[in-house]
Number of protein chains: 2
Amino acid sequence: MSVSFHAVRRQPATGHSTAFHATAVHSVAPPAPVTASLPEHLSLLRDPGTIQRFARNETIFHEGDPARHILQILSGTVRLCRHTPDGRRHVAEFVMAGDLCGVFGGTAQSFTAEAVTGVGVMLHPRAQFDRMAECDPAFRAKVLSHLSTHLLSVQMHSFVLGCQNAKERLASFILRLAERTGATRSGRLELAMGRQDIADHLGLTVETICRAITALRNERVLDVPNTHQLVLRNVDALSDLAGAASLN
Amino acid sequence: MSVSFHAVRRQPATGHSTAFHATAVHSVAPPAPVTASLPEHLSLLRDPGTIQRFARNETIFHEGDPARHILQILSGTVRLCRHTPDGRRHVAEFVMAGDLCGVFGGTAQSFTAEAVTGVGVMLHPRAQFDRMAECDPAFRAKVLSHLSTHLLSVQMHSFVLGCQNAKERLASFILRLAERTGATRSGRLELAMGRQDIADHLGLTVETICRAITALRNERVLDVPNTHQLVLRNVDALSDLAGAASLN
DNA sequence: CGGGACATTGAACAGTTTCAAAGCGCGTGG
DNA sequence: CCACGCGCTTTGAAACTGTTCAATGTCCCG
């Protein structure tokens with residue numbers, strides 16, 4: 001099967017090394033409705049001065065950088081990844097509009113964040129975040145809940161990597177993406193990331209991703225109008241493939 | 001490489017279905033030293049009435065069970081796993097003496113816990129745990145830190161599953177186990193779990209685990225005095241194999 | 001219209017799985 | 001106390017999925 005004999009065959013990230021040093025902002029937290037999710041809660045702190053933009057393939061922060069801010073993605077898609085000395089890459093996660101990143105992991109970033117597309121982010125100073133957690137029990141509960149959810153999703157991904165074959169992995173990925181973007185109904189799914197990104201996320205190669213997509217297309221499970229769009233023609237078939245990895 | 005074509009070939013868990021319903025206990029939390037880790041902190045609550053024992057291969061709780069307690073492992077080793085309808089098994093994690101399990105994930109267990117060896121656990125009622133988190137900021141900090149550490153380790157495991165081949169996975173596993181049990185110095189490592197457990201943890205088959213162990217033995221990296229013991233003869237070689245998956 | 005990055009397809013190769021059988025250790029019972 | 005039996009581990013050989021290498025195709029942007 002598929003372990004990676006990962007040669008060094010990676011896109012030469014057209015990266016610009018964009019260190020980012022936003023100035024800390026001390027806005028006062030307005031009362032948040034108790035029903036709001038953590039990202040919603042945070043977005044109430046909105047302060048135009050803390051917004052930044054990144055171009056496609058730009059590096060937002062590096063693994064090991066001091067984690068002075070919590071980032072809220074306003075638009076676009078970000079990949080959190082890890083690069084090894086011998087050229088392998090592991091994409092731990094894709095972070096999309098509405099999501100947070102950098103909430104956990106202490107004082108240093110545990111991943112490199114790169115813009116998959118053009119990206120807009122809002123920066124929340126960690127100090128402010130910590131202060132809110134200190135004072136506001138409801139906020140704390142949200143943080144905890146957010147963290148648990150996140151943990152669950154990482155564990156689910158471990159399952160995918162540990163137990164599924166190529167087609168199953170792709171199906172799990174597609175379904176999860178569809179759920180996150182709300183595309184499950186319309187059946188139309190935007191793929192912000194390229195095949196290589198998907199491959200590195202699923203522990204496969206680009207070629208295998210292509211072949212798996214082609215296979216699903218031939219089985220009338222998917223339509224592929226273009227490289228960055230999928231139409232889900234048979235969600236049940238996808239769910240069957242994804243198996244336990246789809247919450248359905 | 002290695003996806004799992006996981007047929008249904010599993011040990012027929014000699015399991016006894018041991019539901020566990022411990023009575024809630026309301027001990028008062030004694031002040032904990034600020035330096036204590038979360039497990040240490042919890043162990044100060046020790047109450048003999050909340051201790052339970054489980055025999056090898058017994059089920060401690062099932063995925064989906066209500067999570068009324070947080071478990072602290074006193075002795076033995078536990079595997080947290082997930083069983084799929086078609087007979088695949090994913091061992092998410094091994095939990096060992098001193099570790100906690102069931103801290104996160106909300107009101108329902110997200111994994112099945114099975115005793116790898118005979119196991120002694122202490123049960124901490126979740127309500128009590130929550131109360132402490134409510135009142136004690138230092139305790140909260142420990143929970144947070146514990147959770148972050150745990151998240152990191154799951155992400156590291158994702159990397160192992162996504163990017164490494166059989167020998168590398170085994171090396172990563174052995175090194176991590178050695179660190180956790182403090183066997184890095186002595187070089188002598190107790191393997192509480194069987195080959196099948198390791199295989200299901202690393203997304204490989206038993207046979208592949210055996211062959212990888214044999215290979216490392218032939219390369220003088222390991223000695224294998226018996227099935228449940230390893231001697232680390234060349235930690236550097238192991239670290240090289242584990243690559244980025246070893247912290248140092 | 002041309003160029004380059006990305007996607008797709010093909011063919012050969014390789015690591016892991018699968019199937020099968022033998023080896024070993026350990027507890028139980030004679 | 002020894003022998004048998006059962007479960008787990010180990011080894012071998014063949015099959016198979018995914019990788020690697022290579023070439024072609026496609027789309028977008030300048």
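Where a number appears in this text, it was derived from the coordinates with a stated rule and is not lab data. Just so it is clear, the structure is predicted and the values come from calculations on it, not from any experiment. Every residue, glycine among them, receives a Cβ derived from its backbone with ideal geometry; neighbour counts consider all protein chains shown.
Take B:Asn234, move 7 Å from Cα toward the beta carbon, and the resulting point lies 5.1 nm from the same point in each other copy, nearest first. Summarising the rotation from chain B to chain A, the nearest chain B beta-carbon to the axis and its distance in Å are given as B:Leu161, 2. Think of each Lys and Arg Cβ as +1 and each Asp and Glu Cβ as -1; about the Cα centre, that makes the dipole of segment A:163-247 roughly 140 debye. Database remark: amide H of B:Gly98 closer than 5 angstrom to the amide H of B:Ile73, B:Leu74 (H placed geometrically; neighbours at sequence offset of 5 or more, or on other chains; Pro and chain starts carry no H).
Note on A:Lys142: aspartates and glutamates with a C-alpha under 15 Å away, same-chain residues under 8 apart excluded, are A:Glu40, A:Asp99, A:Asp130, A:Glu134, B:Asp130, B:Glu134.
Mark the label point 7 Å from the Cα of B:Arg211 along Cα→Cβ and return the residues of segment A:137-162 whose backbone N is within less than 20 Å of it. It comes to A:162, nothing else.
Near the amide H of A:Ala67, within less than 5 Å, lie the amide hydrogens of A:Ala108, A:Gln109, all on another chain or at least 5 residues away, with H placed in the peptide plane. Under the simplified labelling scheme, the B:Ile51-B:Thr184 pair shows an inter-label distance of 3.1 nm, with each label point 7 Å from Cα along Cα→Cβ.
Computed from the Cβ-Cβ distance with R0 of 41 Å, the FRET efficiency linking A:Asn218 to B:Leu152 stands at 0.50. Bridgeable lysines around A:Lys167 (alpha carbons under 26 Å apart, same-chain partners fewer than 8 residues away excluded): B:Lys167.
Here's how it looks for A:Glu93: its modeled amide H is under 5 Å from those of A:Leu80, which are all 5 or more places away or on a different chain. For an R0 of 41 angstrom, estimate the FRET efficiency from the Cβ-Cβ distance between B:Glu134 and B:Thr84 and round to the nearest 0.05. Working from the Cβ atoms, E equals 0.65.
Copy-to-copy label distances for B:Arg217, where each label lies 7 Å from Cα along Cα-to-Cβ, are 4.9 nm in order of increasing length. Inter-copy label distances at A:Arg56, using a point 7 Å along Cα-to-Cβ, come to 5.9 nm with the shortest given first. 3J(HN,Hα) couplings calculated from phi for segment B:102-110 with the Karplus curve 6.51 cos²θ - 1.76 cosθ + 1.60 (θ = phi - 60°) are, in sequence order, x, 6, 10, x, x, 8, 10, 5, 9 Hz; Gly and Pro show x. Anisotropy class assigned to segment B:163-247 is rounded, per the alpha carbon gyration tensor with a/c under the 1.5 cut-off. A simple rule links phi to the HN-Hα coupling: the Karplus curve 6.51 cos²θ - 1.76 cosθ + 1.60 with θ = phi - 60°, which for segment B:160-173 gives 4, 5, x, 10, 10, 8, 4, 5, 5, 4, 4, 4, 4, 4 Hz, with x for Gly and Pro. Distance between the 7 Å Cα→Cβ label points at B:Ala127 and B:Thr107: 1.4 nm.
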